[in-house]
1. What is the gain in length, in nm to one decimal, between Asp111 and Ser190 on full extension, counting 0.36 nm per residue of separation less the C-alpha to C-alpha distance?
2. Per residue, what accessible area does the stretch 207-354 have, given a 1.4 Å probe and all protein chains present, in Å²?
3. Compute the projected area of the convex hull of the Cα atoms of the stretch 1-132, averaged over all viewing directions, and report it in nm² to one decimal place.
4. Antiparallel DSSP bridges in the stretch 259-371: what percent, to the nearest 5?
5. Under a 1.4 angstrom probe, counting protein chains only, how are His120, His332, His93 ranked by accessible area, largest first?
6. Divide, for the stretch 246-332, the radius of gyration over alpha carbons by 2.2 N^0.38 Å, where N is the residue count.
7. Debye calculation, C-alpha points only, no solvent: report log10 I(q)/I(0) for the stretch 138-253 at q = 0.11, 0.14, 0.17, 0.19 Å⁻¹, in the same order as the q values.
8. Determine which lysines satisfy two conditions relative to Lys100: a Cα distance under 16 Å, and not lying fewer than 8 residues away in the same chain.
Amino acid sequence: MLERIYVDNFRCFVNFEWKPTRLALLLGENGSGKTSILEVLERIRSLISNDAEIRRGFPSSSRTRWDTRLEQRVELDVRLGSELFSYGLTVKHSEEDPSKSEIAQESLFCDGAPLLEFVHGQLMLRTETSLISSTVKISTRTNRSALGAVGGGAATRKLTAFKKWLDEEVWYFRPNPRSMSGRTDEQNESLDVDLLNFASWYPSLIAQDLDAAIQTQSTLREILLGFDSLSVDKSRPQLQVRFSAGKGVPYAVDFGELSDGQRALIALHVLRHAVLKPGRLVIFDEPDNYVALKEIQPWLLEVSELALDKRGPQVWFVSHHPEVLNQLAPSHGVRFFRQESGPVRSERFKGINELTAADVVARGLESIASE
């Protein structure tokens, strides 16, 4: 579970700290930083897991425009089981040449004890062998993550655990059913943010987690009129949905022929059973687009209940949907805001008596309620 995120000198974030809970609804006007905070996580993951260059993930142009400092700072506190991991990254930019960005400092601690410290090109790595721990000093590059360069193995078990969480347990979705293809000929083991490759990912899900696929289809039979099954037509290849027609003959429809709402609804329920696993951070950005109110409500209740279970996943929503606002904002809403185009700040959502949360947001009264 991500317990704390700190961002300084990145876009509209200056000395910004947020301590998220297990379930959170991110609120705020356009430009208030909701998407940017999610982007920070994605850039850190790309830096560590994909060996991205620092000038790509955190270019000089990503600094806060009104801040003249050349250093950016990101910190993450992540609890995995009983252990608290603290990751820190400092990026230094060049005033003379904006393309010459480098990592000035990178560190990872576990329960206060250093596992990795990288400063000025020198890496100190603490390894574990049986009951003996040792510190190794090596020189390394400054344009890519030192943590990303460290290999796995028993000697770096804790380092590997943190990297695995960042790489495999943080999921971010911004569903766009209009972009979702029905073709399954290029199987993928990871999902695109917009679910473009949902159909080609689904066969790998069946192979790896058949129970999740069975549970999803059972749920869809209850909420999608006439739904019978979701399967792969290997002869073409296409993802297909089979429907029963009451007294008529059962029929099949290609996934791409479904309505936008039907594709979105099917995908959301697959994610609910297949992705929302213990220990994960799952972020849904506007999951309610294209889905009717009566369809999103049961799904939202199920996902919220999972997140509030201590053994469940951590879940964040970004949404403007009235049903999502009314259901989550009073207890789990976090308002991101900027005063006079200044840096982003956050606070718990505060309602107004006799008004629903959706009415408060629709009328722009969040700031008044916070006074």
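The values are calculated or read from the model by the stated rules, or taken from the named source; none is laboratory data. All figures in this text were calculated on a predicted structure; none of them were measured in a lab. Reconstructed Cβ throughout: ideal geometry from the backbone, glycine too, with neighbour counts over all protein chains shown. Ligands, DNA and RNA are stripped out before the accessible areas are found, and what is left, the full protein with its side chains, is counted by its heavy atoms. Shrake-Rupley method; radii C 1.70, N 1.55, O 1.52, S 1.80 Å.
1. Gain on extension, Asp111 to Ser190, equals 25.3 nm.
2. 50
3. For the stretch 1-132, averaging the hull's shadow over all directions gives 9.7 nm².
4. 50
5. Descending accessible area places them as His120, His332, His93.
6. 1.24
7. With no solvent term, the Cα-only Debye profile gives -0.55, -0.77, -0.97, -1.10.
8. Qualifying lysines at Cα under 16 Å: Lys92.
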